[in-house]
Amino acid sequence: MAVRTGAQFLEGLRDGREIWLEGERVEDVTAHPKLERMAQTLASVYDLQHDPELHEQMTFKSPSSGEPVALSYIIPETQDDLMRRRKALEIVAHASYGMLGRAPDYVNIQVTAARQMAKVYGDNDGRFSDNIIAYHEYIRENDVCLTHTFGHPQVNRELAVTELSDPYIALGVVDTTSEGLIVSGSKLLATLAPFSDEIFAPIYRPLPPNDPNSEKYAIGFALPVATPGLKFICRESYDLGRSLYDYPLSGQFDEMDALAVFDNVLIPWDRVFAHGDVELGNLNLGRVALWRQYMQQVAVKNIAKLEFVLGITHGIAEAIGITQYGHVQEKISEIIDTLETVRAYMRAAEADAEHIEGGVGIWPGAEPWIAMRHWWPDAYTRIMWIIGQLAAGGLMLTPTEQDVEGPISDSIAKFYQGAAIDGPERVRLFRLAWDLVGTQFGSRQALYERFFNGDVTQLRMRRFQTYDYTRADQSVKSFFENL
Ligand SMILES: Cc1cc2nc3c(=O)[nH]c(=O)nc-3n(C[C@H](O)[C@H](O)[C@H](O)COP(=O)(O)OP(=O)(O)OC[C@H]3O[C@@H](n4cnc5c(N)ncnc54)[C@H](O)[C@@H]3O)c2cc1C
């Protein structure tokens with residue numbers, strides 16, 4: 001199958017999957033009032049690939065079938081490949097205004113990166129290398145939408161998972177059979193789960209290397225979302241079912257987050273990518289650096305998001321006549337600087353792309369991505385603060401569409417007008433800003449930007465512990481030597 005249409009994508013979600021939302025099992029995610037609009041948003045992402053003007057830019061010829069397949073599955077061999085992939089990512093990111101952290105291209109690239117590292121997955125058992133290569137081909141040829149889960153559940157971080165009172169709170173192997181692994185437990189945090197065809201669970205979290213129980217948790221695999229015994233427990237929905245005038249973002253882009261819970265689930269052997277390999281799990285951030293590939297999607301998404309955010313902020317400042325104030329200009333410039341800094345990180349990482357040990361294809365440079373990854377959460381938080389500072393009480397001058405169109409519309413026209421904008425337009429703009437910074441959707445976006453890529457605090461601790469200080473130390477030594 002070549003690239004799927006939106007209709008084919010939606011059809012694939014009607015498969016009896018076990019999704020729990022607000023106390024109920026969802027029968028059909030494409031028809032549920034709190035999920036259907038997001039399903040439609042994703043369907044429109046799939047349809048982009050069939051737009052005659054975009055098709056060429058979003059696809060490449062499959063090396064196995066010759067069919068056009070999504071560029072997020074390409075193994076980049078050259079700079080040109082990286083640029084082609086970036087262009088395809090930009091189309092999706094701009095179509096969703098950077099509001100979809102988990103457009104399907106994100107995990108597609110992650111699996112592709114794992115496939116590029118297939119040799120390392122197979123270091124201790126060659127089957128796993130073959131499995132990841134075959135799986136990559138499967139998702140590429142079937143244009144699969146994936147959720148992914150790295151982490152163990154947040155129960156007691158003081159203890160290793162091997163030390164928790166119940167050995168199957170975290171996902172672990174219960175039995176090994178001729179058909180595959182039987183697993184029970186849970187994994188966090190499956191963003192996009194209700195709308196995904198498959199779950200990808202690479203091993204990731206550090207496990208105690210000298211504890212024999214660690215092996216049970218050192219597993220990597222992929223499964224269909226609709227696998228018997230596998231259920232997803234969603235957080236509450238932020239799509240309130242209200243009009244897009246009132247909730248323009250919540251009503252379209254609530255990509256949903258869920259805990260994946262496994263109850264004696266069979267993972268067939270051909271879907272196992274790692275088993276009992278504690279060393280591989282502990283290598284995952286360093287040698288098996290999937291992030292060096294998927295950070296390109298992150299940067300493209302951040303640029304699209306920042307352009308949108310800049311437009312909103314500029315619009316607010318003009319709407320209420322505050323652009324002449326120096327500090328307002330300075331704050332809007334900060335957003336511009338942030339936008340251009342992300343662009344610079346992205347271009348540096350792409351320019352530094354290289355071949356790396358154990359991996360096929362080229363890999364964008366690590367250092368620009370690491371610096372961006374550590375800096376971004378604070379930069380995004382600062383921008384959300386700037387919007388609050390500039391919009392101020394205007395964020396509360398946000399009556400609903402019913403008010404704007406109802407019996408008090410004259411009052412809206414008179415008292416809600418701005419310097420260069422009429423009342424209804426101004427309310428619409430400020431409601432958009434509120435959905436970005438103040439609603440549950442907006443708060444989740446901020447939390448997402450802080451944590452989706454790991455906990456920066458722990459990442460920075462690791463940075464401190466692993467950085468090569470030779471040049472820095474030498475610099476001080478030479479300073480004293482030259483006094
Ligand atoms: C909106 C959202 C979407 C997400 N989507 C996904 C997804 O699709 N797939 C996925 O796999 N993950 C996803 N994540 C999970 C994300 O990877 C984790 O939130 C992140 O890695 C942090 O882990 P945690 O939430 O378990 O926090 P914890 O690790 O429990 O940390 C909680 C706090 O304790 C501190 N802490 C904990 N342990 C230590 C330690 N050893 N040393 C120092 N400080 C410590 C942390 O600094 C932090 O302040 C998502 C998260 C969010 C918020």
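The values are calculated or read from the model by the stated rules, or taken from the named source; none is laboratory data. Please read these numbers as outputs of a predicted model, since none were measured by experiment. With ideal geometry, Cβ positions are generated from the backbone for all residues, glycine too; neighbour counts draw on all protein chains shown. Side chains included, ligands, DNA and RNA excluded: accessible areas come from the protein's heavy atoms. Shrake-Rupley method; radii C 1.70, N 1.55, O 1.52, S 1.80 Å.
The table below lists the values:
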read-out	value
Accessible surface of the chain [probe 1.4 Å, protein heavy atoms]: carbon and sulfur percent	52
Area of V155 that stays accessible when all protein chains are in place (1.4 Å probe, Å², to 10)	90
Estimated [θ] at 222 nm from DSSP helical runs (n ≥ 4, -39500 (n - 2.57)) normalised by residues in the chain, nearest 500	-15000 deg cm²/dmol
Gain on full stretching of the segment that runs from E36 to L447 - 0.36 nm per residue minus C-alpha separation	145.6 nm
18 Å reach of a label modelled at W385, 7 Å along Cα-to-Cβ, counting backbone N of region 315-352	327-339
Most to least packed among 331-337, 88-94 [average Cβ atoms within 10 Å]	88-94, 331-337
Karplus (6.51, -1.76, 1.60) ³J(HN,Hα), θ = phi - 60°, over region 349-355, in Hz, Gly and Pro reported as x	5, 5, 5, 8, 4, 8, 7
Spin-label model distance (nm) - D123 vs D28, 7 Å beyond Cα toward Cβ	4.9
Inter-part distance where region 134-149 and region 221-236 are each reduced to a Cα centre, Å	16
Euclidean distance between Cα centres, region 331-401 to region 47-88, Å	25
Net length gained if the chain between V155 and A371 were fully extended (0.36 nm per residue, minus Cα distance)	74.8 nm
Compactness relative to 2.2 N^0.38 Å, alpha carbon Rg of the chain	1.03
Derived scalar couplings ³J(HN,Hα) [region 219-225; Karplus, 6.51 cos²θ - 1.76 cosθ + 1.60; whole Hz; x for Gly, Pro]	10, x, 6, 9, 8, x, 4
Residues of region 406-438 with amide N under 20 Å of a point placed 7 Å along Cα→Cβ from H314	418-422, 425-434, 436-437
Given charges at beta-carbon only (K, R positive; D, E negative), |dipole| of region 291-468 in Debye	380
Calculated from backbone phi, Karplus (6.51, -1.76, 1.60) coupling profile of region 392-397 in Hz, x at Gly/Pro	6, x, x, 5, 9, 8
log₁₀ of I(q)/I(0) at q = 0.17, 0.19 Å⁻¹ - region 291-468, Debye sum with one point per alpha carbon	-1.05, -1.21
Rounded, prolate or oblate (a/c below 1.5 giving rounded, otherwise prolate when a/b exceeds b/c) for region 6-283 by Cα gyration tensor	oblate
